[in-house]
1. Please give, to one decimal in nm, the separation of the simple spin-label points placed at E261 and S12, each 7 Å out from Cα toward the Cβ.
2. Can you work out the accessible area per residue across the chain, with the rest of the protein chains kept in place, probe 1.4 Å, in square angstrom?
3. Explain nothing, just the number: relative contact order of the stretch 1-148, from Cα pairs under 8 Å at least 6 residues apart, as a whole percent.
4. Considering only protein heavy atoms and a probe of 1.4 Å, how much of the accessible area of the chain is carbon and sulfur, as a whole percent?
5. Would you mind checking the stretch 150-183 for residues with the amide N under 16 Å from a putative spin-label position 7 Å along Cα→C-beta of C60?
6. According to a simple spin-label model (label point 7 Å from Cα along Cα-to-Cβ), what is the distance in nm between Q160 and R232?
7. From Cα pairs below 8 angstrom and at least 6 apart in sequence, can you work out the relative contact order of the chain, rounded to a whole percent?
8. Rounded to the nearest 20 Debye, what is the dipole magnitude of the chain about its Cα centre when Lys and Arg each give +1 and Asp and Glu each give -1 at the C-beta?
Amino acid sequence: CGAGSTALGIFSRAGEQLCLHRTAVEVFPVGANRAEQWLANTCAAIQALGARVKLSDPVCLVLPAQHALIKFIDLPPVGPAQRAQILEFAAEQNIPYALAEVAWASVVLDQSKGQGAALLAAAKLELLDPLCAAAESVGWEVSAILPAPLATLAAFRRAQPSQSESALVLHLGADGTTLLLVEPSRFTLRRLALGDGEIAESLEGAAPAAGLIDYVHKLGPEITRSLLHFKRQNNWAKPARVYLTGPGAARAELVAALAAEL
């Protein structure tokens, strides 16, 4: 479920690889209030896709990064029962809504060296319930809901299974940029919401080159600051490679400008 369209992919697994069988896309109407109409547009897109594609297997909904909360939580070395209590308390402290108003889940990332960490993700039910209802109305069973950064992480690890060095994955979206720093046994992320209409338009190909250059000049230093922060906090290595995805990655001039900036 993207900012300006909803896309469906049907995959099967072949050994360690994914095989793509079909794609289908519903693009939203273009208008000044597209952000305000996102939920209605996405529900309509799901129903339109459901009318075109009949599915018997469960589906996974992927939420845009701006509609999901992701937090990293430090964990002491405790047993499963105490860990569950700590995570529930962390959810109450870090989710800016009553827990009854959201769906949330956590994943323990690493507890192998004393102090561990967990990832906490949440989204509001007022958003999720209509999306799931739209899917169910066309006979789709929703088995999982993922924030977009975690779907990008899963896709990267599937596409680059032999990546043994630290890698930087940038999802260049029209509504913001997600920065993923990935090592074989851990990852971290940051969402860069630049909030500039001119930049968003430049990514969609509607603004002059000046908007793109402005975007790159803002994005480059933010990436550098993020990498320095990750190094200071948890001794992350400098990434050996940078991978680009998202709509911005399809623009050769943006890729070249970003490469020069970095």
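1. Roughly 4.2 nm, to one decimal.
2. Accessible surface, normalised per residue, equals 54 Å².
3. Relative contact order for the stretch 1-148 comes out at 29 percent.
4. 54 percent
5. 150-161
6. With each label point 7 Å from Cα toward Cβ, the separation is 2.6 nm.
7. Across the chain, relative contact order equals 16 percent.
8. 800 debye
The values are calculated or read from the model by the stated rules, or taken from the named source; none is laboratory data. Predicted model only: the values in this text are computed from it and were never measured. A quick note on method: Cβ atoms are made from the backbone with ideal geometry, for glycine too, and the neighbour counts reach across all protein chains shown. What goes into the accessible areas is simple: the full protein's heavy atoms, side chains included, and nothing from ligands, DNA or RNA. Shrake-Rupley method; radii C 1.70, N 1.55, O 1.52, S 1.80 Å.
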